1. List the pairs whose first member sits in region 48-67 and is without any contact (Cβ under 8 Å) to a residue 40 or more places away in the chain, whose second member is crowded, with 20+ Cβ neighbours inside 10 Å and not in a loop (DSSP other than H, G, I, E, B), and whose Cβ atoms are under 8 Å apart, counting only residues at least 6 apart or on separate chains?
2. Restricting attention to region 222-250, and to residues there that are assigned to a loop (DSSP other than H, G, I, E, B) and farther than 17 Å from residue 209 by Cα, which single residue is modelled with the highest pLDDT?
3. Among the candidates 298, 264, 283, single out the residue that is of a type in the set (Asp, Glu) and under 25 Å from the mean Cα position of the chain (by Cα).
4. Restricting the search to region 301-318, which residues are crowded, with 21+ Cβ neighbours inside 10 Å and assigned to a helix (DSSP H, G or I)?
5. Find all pairs meeting these conditions: Cβ atoms under 6 angstrom apart; at least six residues apart or on different chains; first residue within region 251-271 and without any contact (Cβ under 8 Å) to a residue 60 or more places away in the chain; second residue open to solvent by less than 10 Å² (accessible area, probe 1.4 Å).
6. Name the pairs whose Cβ atoms lie under 8 Å apart, with the first residue in region 402-424 and under 23 Å from residue 462 (Cβ atoms) and open to solvent by 10 Å² or more (accessible area, probe 1.4 Å), the second assigned to a helix (DSSP H, G or I) and polar (S, T, N, Q), and 6 or more positions between them or separate chains?
7. Working only within region 175-210, note down all residues that are assigned to a loop (DSSP other than H, G, I, E, B) and within 24 Å of residue 232 (Cα to Cα).
8. Applying the selection to region 344-381, what residues are in a helix (DSSP H, G or I), away from the ligand (no atom under 16 Å from the Cβ) and surrounded by 16 or more Cβ atoms within 10 Å (Cβ to Cβ)?
Amino acid sequence: MPKLMFIENEWVKSSNDKQLDVFDPSKGKVMETVPHATKDDIGRAVDAAQDAFRKGIWSKIPPGDRANLLLKVAAMLEAKADEFVKLESANSGKSIKQCTGYDIPYTIDNIRFIAGAARILEGKAMGEYVAEGTSAIRREPIGVVGVITPWNYPLMMVVWRAFPALAMGNTVVIKPATYTPLSTIELARIMQEAGIPKGVLNVVTGPGGEVGETLASHPNVGMVAFTGSTEVGRRLSVLGADTIKKVSLELGGKAPFIVFPDADIDAAVKGAVAGGLVNNGEDCANSTRYYVHESIIDQYTKRLNEELSKVVIGDTQDMMTDLGPMVSAAHRQNIEKYISKGVEEGGHLLFGGKRPKIPGHEDGYYIQPTVIQTDKRDSSIVMEEIFGPVFTVLKFNNYDEVIEESNKVVYGLGSSVWTKDVTTSMRAARDLRFGTVWINDHVPVPSEMPWAGYKQSGHGASLSHYSLEEFSYIKHVYWDISGNPRKSWHYCVYGQKP
Ligand code: NAP
């Protein structure tokens, strides 16, 4: 049965009846179809969200009540975790091991944190900042938020963007990625069962260039929350400019992974394999550029190759599988182009680089983990986001050089430093121009901590209490407490002081 969109708490087809195919990337076969939303469908979803916002059925209820509903959603998601694990894995190509141990439980934890954070928002305290009045800060929801999400963490990214918006009292229209809309649709089903009021959450499906652009440029959408590529983020900034929308952008990354000569090599090798291969290498936080001190680089690459040869590539639904397929044939082809270019530009292929043969999955979009060592510091595999399991290894000689090289890309999302020396790690934590610096690890982001970009990785923050502030206006409320009809400041405007 084809999937439907969720608008005004109803399950609807596209108004022109058009459907889009959704693939299982491990088999290269269609697994579902979803509606291709029309302009009218998007308009209806925005109207529903705006109507719900204006009525105050969500925006004006106490944050504790909103939190309770989100906590109910977390509990229902937990009860259905196995179904979500299977669906997310089948649709996105990530291993069932990762969905079981990371994606789904972590996403549930994210929801619980966001629900709790709704109740503890802080502003400047009420106080007398001038003699005759008192002031307070209110944080208020913006209105209708258009949420546009990528395919790499379909469910998690919806939670990271739509849930803080909801927790703040906004209403949302979500457009999931065309490759991976299924878990978002199932989440909407849970939200409906949990009792989300009509129009507060809507889901429309269809291609970004059409559906995403229509949503992002709709005059009644007050804010766009986007997670995806820097290229599309740039386009959305332009689209938002017409109506001066707040556009929150979480964009691409190209994380450096710096191994100083005193590092624990074993930890830095295992950390590299996990940091480079998490989410099949399709993670904005993936370690991608391995700057290794020249005194240990040969030892390091040898150990890295040995560790990578243990990685099991296979059926996403098998708990033994470490690495699944890329999300699409086109994306795999793009990664292959980068591998060829890396070699053409002077790199040495040290490991992988080919399509593995997986019995029963001959049409799946698999690629081996790949290591390329290069001295060409400006080559495309060093400077650009590949978004696949490609490890680019470079050698460095001293601290200043490696920090400068690390900061040279346009991105600034995740980075890591591997050293036993506290001074080196503290200096690097200051000097790296990235939203996150990990010391002797790479990837963890607890729900309480912000995930934020520098430079062309975007701005704003996901997770932590900052993510709720992102979805609010700030309002100053001022009361006269003097009771005098004539305030002292009036005499600067007219009349003379008595
Ligand atoms: P993408 O191509 O930018 O697409 C993201 C979303 O935007 C999809 O829903 C897409 O729809 C839609 N879209 C495409 N063109 C659009 C347009 N002109 N107007 C409005 N919406 C449009 O990114 P992706 O390939 O899905 O995801 C990978 C990227 O996301 C990587 O760059 C990665 O680093 C980044 N990412 C960043 C973070 C972070 O936290 N900073 C987290 C995850 C991913 P379609 O699916 O229909 O194309």
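The values are calculated or read from the model by the stated rules, or taken from the named source; none is laboratory data. Here the structure is a predicted model, which is why all the values come from computation and not from measurement. Note: ideal-geometry Cβ built from the backbone for every residue, glycine included; neighbour counts use all protein chains shown. Areas reflect the complete protein model, heavy atoms only, side chains present, ligands, DNA and RNA absent. Shrake-Rupley method; radii C 1.70, N 1.55, O 1.52, S 1.80 Å.
1. Hits for this filter: zero, empty list.
2. Looking only at region 222-250, we keep the residues that are assigned to a loop (DSSP other than H, G, I, E, B), and these are 222, 228-229, 242-245.
Now narrow it down to the ones that are farther than 17 Å from residue 209 by Cα: 222, 242-245.
Details: 222: 98, 242: 91, 243: 93, 244: 95, 245: 95.
Among those that are assigned to a loop (DSSP other than H, G, I, E, B) and farther than 17 Å from residue 209 by Cα, it is 222.
3. Details: 298 fails: under 25 Å from the mean Cα position of the chain (by Cα); 264 fails: under 25 Å from the mean Cα position of the chain (by Cα).
On inspection, the qualifying residue turns out to be 283.
4. Those that are crowded, with 21+ Cβ neighbours inside 10 Å and assigned to a helix (DSSP H, G or I): 301, 304, 308.
5. 269/304
6. Correct list of pairs: 410/230; 411/230.
7. As a first pass, look at region 175-210 and keep what is assigned to a loop (DSSP other than H, G, I, E, B): 176-181, 195-200, 204-207.
Listed by number, the residues that qualify are 176, 177, 178, 179, 180, 181, 204, 205, 206, 207.
8. Here is the first cut: in region 344-381, the residues in a helix (DSSP H, G or I) are 344, 380-381.
Now drop any that are not away from the ligand (no atom under 16 Å from the Cβ), which leaves 344.
Hits for region 344-381: nothing passes.
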